[in-house]
Amino acid sequence: MMGGRKKDTLINDKQYQVDWHTSRTRIESIRNQKMLARTTNTLSRCNKWNMFHSLSMRTLSSVAGNSSLVKNSFANHKGIFASSSPIRLDFSSLAAVDRETSDESDTSSKFIPTASRKYEFFQNVEVTPDGIAIIRFDNPSKKVNTISFKLKDEAEKLWNAEIHHNAHVKGVVFTSGKPDGFIAGADIFDIQSLQNKEEVIPLIESATKFFQHLKSKGVPLVCAINGPALGGGLEWALWCDYRICTDSPKTKLGLPEVKLGLLPGFGGTQNLHKIVGLQKAMDMMLTGKDVRPKQAKKMGLVDLVVAPQSLEQVAIDTAKGLANGTIKKSSGVKKNLQDRIVEDTPFGRYFMWQTIDKMVKKNTNGNYPAPFAIIDAVKYGMEHPQGDAKFKFERESFAKLAATKESEALIGIFDGTTQLKKHTYGDVAHPIHKVAVLGSGLMGSGIAQVTAEKGYEVLLKDRDDASVARGLSYVNENWGRKLKRKKMSTFEFNINSSNIVPLTDDTESWKKHFGRADLVIEAVFEDIELKRKIVAQMEELTPDHCVFATNTSAIPIADIAKGAKRPDQIIGMHYFSPVPQMPLLEIIPHDSTSDATKAAAFEVGMKQGKTCIEVKDVPGFYVNRCLGPFLVEVSALVRDGVGLEELDLAAKNFGMPVGPIDLADNVGIDVVYHVASFLSRADLGNRMSGGDITFLEEMVKKGWLGKKSNKGFYTYQGKKKTISNDVKSYINSYREKNLGLKEEEVQNRLMSRFINEAAKCLEDEIIANPVVGDIGLVFGTGFAPFKGGPFRYLDSFGVEGYVSMMNRLADNYGPQFEPCQLLRDYAASGKKFH
């Protein structure tokens, strides 16, 4: 059921007379009707059970920004971190290095040089007849090249043995021996292995001296990049005289260290702005975003963009031209008048730094030290341009950041996402090429979008043309924005669009299409009888190998699978909305789900770009189960006199991206009420007590549904939001007392309910380990990334101290605050979760 229509519409078995081609023509005409003007509002109601699915991209933001620091004037400047849609916490720009392959000191796999392979991290050096040395990075034991201190030592050995004293060498080309990757970054486990982070200072110093040693040879250095050149990989390129990259879609350049709570440590804070200009350099380093080839050429980050097939030869010819003087060395970006005023005058720089500082403070709330350290390092280098003092300042700042809890937390999240890229369920039983999505509401259309983008053929089915048209409109609007922002080419747009086949009850051939589906994902209304009917119908229509996945956010999968002919092929795939932005996917097998079915869910989810966590089949699963007690405590705090704005501020000051009141309005008061009431009837016991969510029911009856009705806790007029007098009056009537609670007490009450439930989920084996628990709440709810998730936060706070705090709350407010047994055990033993 979608919206208010009959529950059995998707299983209608009437005679069909219109094929899908005709249906699509009708859809095209419907798109042009005025009814689509309210598409977003309609879609937002389509799956009211997806609790907290309407989190904006802000929920996963640590740093964000737009592409230009100064636009037109300081008066209308938006600047770094000013974007209204900050980027999510995204580790795709970082080197994903398996722990098993990152331990280069493992004696069981010691490298033994041979004539055909002298070096562990490099192919043998080739020197052309014209004296151009070609040095190819290539570690055959890893999928990607990464920079480690061991690689640096070997590079120094190679350079001194074959290049530095070789008079025949007139130029050097650095490139990669891997077909689709240059250097994906520094090996983060090098840093993690150091107990005393100050030990990294002499290691970085030796790397800086090595780069300076390269320059001292006095021959042109050319960097030839195909695929990712990130972090230390780009910093290596910045030491070169000329940079050439390919136009491959896999090529991207960036300095993403800020996402790990660090700064570029191999000279990046000192070298980048000399090449691309101060504003663009700060934008790159403070956001950690990728730069694609076309933009890299435009901003001066690279000097040439070529086809992958010609990269190495062009690089050789360029090195030769630089050596004989027919090609000039790169002189960096040419600044226009405005940029010269902003970047090269004391007055301009003063206002520029003020603007950057203001926006960083606003968007990080002071919780992330890395952006400020990056600013300080760049400033110091500009004030001390001569000598090595600027590099000393940079590496010492790096060491300080590496020792912070924030960096440890962010690296922990990155490490966790890397671990979760593997599963133990083997191969799928049948290759998955065609994915059917039932329901074209906000969830269904989002699932269709991310699936089509990855090359799957998608069957998007709903009741009628108007419903499917709304879903397609949502997808096309998202792709249109990508086109506008140059995140997608016209060719990709056309390919993706052609991957989606719209189907309705009136499409004569829809059953034939489903007869070739390899996976069905239902995203319809949360009604167990409807879902069971759909399972039965799909088992009749689809091939025997077809996997059935339900996007339910609360109903146990075993209940949906009851009575099915192929229960072993039924699994939960719980997405979070908006699906294209939210990175988490909960995969929920029931007791009879086969390993092949689990493998299929993981394969599709990971290909969609999701971080997949496996969760036990219980009401609410993991993320929503943790949110249940949190929601109840919100009502309790309102009852005890805490103001709505105070609640939001307390949560944000803890580190949450949005406060609970603001979030409830964005999600919908009706959604919050239905989910909280559902979990209150589930198996959480007194952990769902202590508050009264019936006041939300009254708000629903009044039509105060939140932002979608322009009135919830807040009243919305354009971008302005206020608390109206009638809402104040209603809230005051609900309050029983005013305890005058301080912010810390509000935070403790609110977050302890959340964190205790996460620990209870670990105790009950709903999640496998603390890593899954941390990733789930950071990526699913926006739990403060700089704290690393609930379990890393408990380690940092001290479990014993946290249990004592909860016991005090239980004494003062009731048994709902009693810590679970697992927390008590850890407190007694002094054990940590990580």
PHE779, sole failed condition from (1) closer than 30 Å to GLY703 by Cα; (2) in contact with a Ser or Thr (Cβ under 8 Å, 6 or more places away or on another chain): (1)
Checking ALA229 against (1) part of a helix (DSSP H, G or I); (2) at pLDDT 95 or above; (3) within 29 Å of GLU408 (Cα to Cα), which single condition isn't satisfied? (1)
I need a count of the residues in segment 252-290 that are more than 22 Å from ILE191 (Cα to Cα), of a type in the set (A, V, I, L, M) and over 19 Å from the mean Cα position of the chain (by Cα). 6
Checking GLU743 against (1) modelled with pLDDT of 95 or more; (2) surrounded by 20 or more Cβ atoms within 10 Å (Cβ to Cβ); (3) not small (Gly, Ala, Ser), the condition it does not meet: (2)
Go through segment 524-560 and report how many residues are assigned to a loop (DSSP other than H, G, I, E, B), more than 21 Å from SER594 (Cα to Cα) and charged (D, E, K, R). 2
Under 6 Å between Cβ atoms, at least 6 apart or on separate chains: pull out the pairs that start in segment 156-173 with a residue that is under 16 Å from SER216 (Cβ atoms) and end on any residue that is open to solvent by less than 80 Å² (accessible area, probe 1.4 Å) and part of a helix (DSSP H, G or I). GLU156/PHE210; LYS170/ALA323; GLY171/ALA319; GLY171/ALA323
Checking ASN124 against (1) part of a loop (DSSP other than H, G, I, E, B); (2) touching a Lys or Arg at 6+ places or on another chain (Cβ under 9 Å); (3) modelled with pLDDT under 95, only one condition comes out false. Which one? (3)
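Taking the condition of being open to solvent by 10 Å² or more (accessible area, probe 1.4 Å), β-branched (Val, Ile, Thr) and at pLDDT 95 or above, how many residues in segment 423-437 meet it?
Filtering segment 423-437 for residues open to solvent by 10 Å² or more (accessible area, probe 1.4 Å) gives 423-434.
Next, from what is left, pick out any that are β-branched (Val, Ile, Thr): 424, 428, 432.
Pick out the ones that are also at pLDDT 95 or above and you get 432.
Residues that pass the stated criteria total 1.
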Where in segment 234-323 are there helices (runs of 4 or more DSSP H), lying wholly inside it, with at least 1 residues that are within 24 Å of GLU406 (Cβ to Cβ), open to solvent by less than 10 Å² (accessible area, probe 1.4 Å) and touching a Ser or Thr at 6+ places or on another chain (Cβ under 9 Å)? 268-276, 278-287
Enumeration of residues in segment 324-365 that are open to solvent by less than 30 Å² (accessible area, probe 1.4 Å), part of a helix (DSSP H, G or I) and closer than 30 Å to LEU221 by Cα: ASP339, GLU343
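Take the residues in segment 87-121 that are among the hydrophobic types (A, V, I, L, M, F, W, C) and at pLDDT 85 or above; name whichever of them is most open to solvent (accessible area, probe 1.4 Å). Steps first, answer last, please.
The first filter runs over segment 87-121 and keeps only residues among the hydrophobic types (A, V, I, L, M, F, W, C), leaving 87, 89, 91, 94-97, 111-112, 115, 121.
The next check asks that each one be at pLDDT 85 or above; those that pass are 111-112, 115, 121.
Working: PHE111: 69, ILE112: 128, ALA115: 92, PHE121: 5 Å².
Among residues in segment 87-121 that are among the hydrophobic types (A, V, I, L, M, F, W, C) and at pLDDT 85 or above, the one most open to solvent (accessible area, probe 1.4 Å) is ILE112.
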Quick one: how many residues across segment 370-389 are surrounded by fewer than 20 Cβ atoms within 10 Å (Cβ to Cβ) and touching a Gly at 6+ places or on another chain (Cβ under 9 Å)? 2
Run down PHE211, PHE174 and say which single residue is closer than 30 Å to ILE327 by Cα and out of contact with any strand residue (DSSP E or B) (no Cβ under 8 Å at 6 or more places or on another chain). PHE211
On the given criteria, is ARG395 over 27 Å from ASP303 (Cα atoms) and assigned to a helix (DSSP H, G or I)? yes
Determine the pairs where a residue that is without any contact (Cβ under 8 Å) to a residue 40 or more places away in the chain, located within segment 493-515, has a partner that is open to solvent by less than 10 Å² (accessible area, probe 1.4 Å) and part of a helix (DSSP H, G or I) with Cβ atoms under 6 Å apart, the partner being 6 or more residues away or on another chain. PHE493/TRP479
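For every residue, the table says whether it meets (1) open to solvent by less than 10 Å² (accessible area, probe 1.4 Å); (2) closer than 23 Å to ALA758 by Cβ; (3) touching a Lys or Arg at 6+ places or on another chain (Cβ under 9 Å).
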site: LEU584; (1), (2), (3): yes, yes, yes
site: GLU614; (1), (2), (3): no, yes, yes
site: PRO619; (1), (2), (3): no, yes, yes
site: PRO629; (1), (2), (3): yes, yes, yes
site: GLU633; (1), (2), (3): yes, yes, yes
site: GLU645; (1), (2), (3): no, no, no
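Which one of ILE495, ILE528, ILE557 is of a type in the set (A, V, I, L, M, F, W, C) and surrounded by 20 or more Cβ atoms within 10 Å (Cβ to Cβ)? Please lay out each step first, then the result.
Details: ILE495 fails: surrounded by 20 or more Cβ atoms within 10 Å (Cβ to Cβ); ILE528 fails: surrounded by 20 or more Cβ atoms within 10 Å (Cβ to Cβ).
One residue alone meets the criteria, ILE557.
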Positions within segment 663-708 being among the aromatic types (Phe, Trp, Tyr) and part of a loop (DSSP other than H, G, I, E, B), in sequence order: TRP704
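Scan segment 438-461 for residues that are more than 17 Å from MET606 (Cα to Cα) and either of a type outside the set (D, E, K, R) or open to solvent by 10 Å² or more (accessible area, probe 1.4 Å) (or both) and report the count. Break it down into steps so the answer makes sense when it comes.
Our first condition is that a residue be more than 17 Å from MET606 (Cα to Cα); within segment 438-461, this holds for 438-445, 459-461.
Of the ones still in play, those that are also either of a type outside the set (D, E, K, R) or open to solvent by 10 Å² or more (accessible area, probe 1.4 Å) (or both) are 438-445, 459-460.
Number of matching residues: 10.
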When (1) over 31 Å from the mean Cα position of the chain (by Cα); (2) over 16 Å from VAL173 (Cα atoms); (3) in contact (Cβ under 8 Å) with a residue 40 or more places away in the chain are applied to ILE316, the one that fails is (2)
Could you check segment 703-714 and list, in sequence order, the residues that are open to solvent by 60 Å² or more (accessible area, probe 1.4 Å) and either among the hydrophobic types (A, V, I, L, M, F, W, C) or touching a residue at least 12 places away in the same chain (Cβ under 8 Å) (or both)? LYS707
Just give me the residues in segment 498-523 being open to solvent by 50 Å² or more (accessible area, probe 1.4 Å), touching a Phe, Trp or Tyr at 6+ places or on another chain (Cβ under 9 Å) and part of a helix (DSSP H, G or I), in sequence order. LYS511
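Would you be able to tell me the number of residues in segment 709-754 that are assigned to a helix (DSSP H, G or I) and of a type in the set (Ser, Thr, Tyr)? First the steps, then the outcome.
Here is the first cut: in segment 709-754, the residues assigned to a helix (DSSP H, G or I) are 709, 725-734, 743-754.
Checking which are of a type in the set (Ser, Thr, Tyr) leaves us with 709, 729-730, 733-734, 752.
Of the residues in that region, 6 qualify.
Of the residues that sit in segment 481-497 and are polar (S, T, N, Q) and not in a loop (DSSP other than H, G, I, E, B), which one is farthest from ARG292 (Cα to Cα)?
SER497
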Just the residues that are closer than 21 Å to ALA600 by Cα and β-branched (Val, Ile, Thr), please, taken from segment 497-523. ILE500, VAL520, ILE521
Any chance segment 533-542 includes a residue that's surrounded by 15 or more Cβ atoms within 10 Å (Cβ to Cβ) and either under 27 Å from the mean Cα position of the chain (by Cα) or more than 30 Å from PHE678 (Cα to Cα) (or both)? yes
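The values are calculated or read from the model by the stated rules, or taken from the named source; none is laboratory data. All values reported here derive from a predicted model rather than from experimental measurement. We place every Cβ from the backbone using ideal geometry, glycine too, and count neighbours over all the protein chains shown. To get the accessible areas, we keep the full protein, side chains included, count just its heavy atoms, and leave off ligands, DNA and RNA. Shrake-Rupley method; radii C 1.70, N 1.55, O 1.52, S 1.80 Å.
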